[in-house]
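See below for the structure under consideration.
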C-alpha cells in the first residue's frame, strides 16, 4: 500500500533556502528504493520552515530508505541546517479521485 | 509555481471510511482545472481522521477548483461526515530530488 509522509522541518533562522537546496539535490537512490514522489517547498508565512510531501511504494520502502548510506549521509549533512522542530503526518493511501 | 496542500480532515466518529469513499470518487473536473495529484488515506493511529495530499498547477488553480459547482456540491455532500476539525499546511513547491 502506498505510504505518504507530509512533513515540516524547522530550519535554523536564515538557513531555510540552504535546506531546500540540500533536500532538492538530485538523488538516484530514492526512486530505486521505492520513492514515487518527493516535493519540497516553502511558505513565506512560515519563513523558517521547509515543507515536504513524499509518496513511497510502501511504509517498508520508506523505512528502508532511512537505512541507506546515501540517505544517512544526506541527513547528517542537513543537521547543521535543522532547528530540531519537526511536524506533519503519515498515512496509507486509500485512493485518489484522479484515477479509478 | 506548483502548489501543495497537505491536510487533515476530522471525521464524525464512525464515518471515516465513508469520507474516504466520498473523497476518492472519480472526478474528471479536478484534473481539468489543474489538479496534478490528490491522494487520500488513513492512519489507524488516528481513527477519526482522513488525510489528503494534493498538488496543483498553481495556488490559483486550487482556488479556482473551490469555486466550481461540482466541487462545491461535493463539499456540501461531505459536510455530514466532517467533525469540523481541520489541520495541515500549504506550500509552494521549490523542487524535488527525483528530477533535475
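The values are calculated or read from the model by the stated rules, or taken from the named source; none is laboratory data. From a predicted model like this one, the values you see are computed outputs, not experimental measurements. Here the Cβ is made from the backbone with ideal geometry for all residues, glycine too, and neighbour counts use every protein chain on show.
Brief remarks follow.
- Subset of the stretch A:27-44 that is over 14 Å from residue A:74 (Cβ atoms), more than 8 Å from chain B (Cβ to nearest Cβ) and without any contact (Cβ under 8 Å) to a residue 24 or more places away in the chain - its residue that is surrounded by the fewest Cβ atoms within 10 Å (Cβ to Cβ): A:44
- Filtered residues of the stretch A:67-83 (kept if over 15 Å from the mean Cα position of the chain (by Cα) and closer than 16 Å to residue A:16 by Cβ): A:80, A:83
- Tally of residues being within 7 Å of another protein chain (Cβ to nearest Cβ) and surrounded by fewer than 19 Cβ atoms within 10 Å (Cβ to Cβ) across the stretch A:9-26: 2
- Scanning the stretch B:45-68 for residues that are over 18 Å from residue B:87 (Cβ atoms) and at the interface with chain A (Cβ under 9 Å from one of its Cβ atoms) returns a single hit, B:55.
- Looking across B:95, B:87, one residue alone is touching a residue at least 60 places away in the same chain (Cβ under 8 Å) and out of contact with any helix residue (DSSP H, G or I) (no Cβ under 7 Å at 6 or more places or on another chain). It is B:87.
- Yes/no for residue A:88 being surrounded by 13 or more Cβ atoms within 10 Å (Cβ to Cβ), facing chain B (nearest Cβ under 9 Å) and outside any helix (DSSP H, G or I): yes
- Just one of (1) in a helix (DSSP H, G or I); (2) in contact with a helix residue (DSSP H, G or I) (Cβ under 8 Å, 6 or more places away or on another chain); (3) exposed (fewer than 15 other Cβ atoms within 10 Å of the Cβ) fails for residue B:78. It is (3).
- Yes/no for residue B:65 being surrounded by 18 or more Cβ atoms within 10 Å (Cβ to Cβ), touching a strand residue (DSSP E or B) at 6+ places or on another chain (Cβ under 9 Å) and modelled with pLDDT under 95: no
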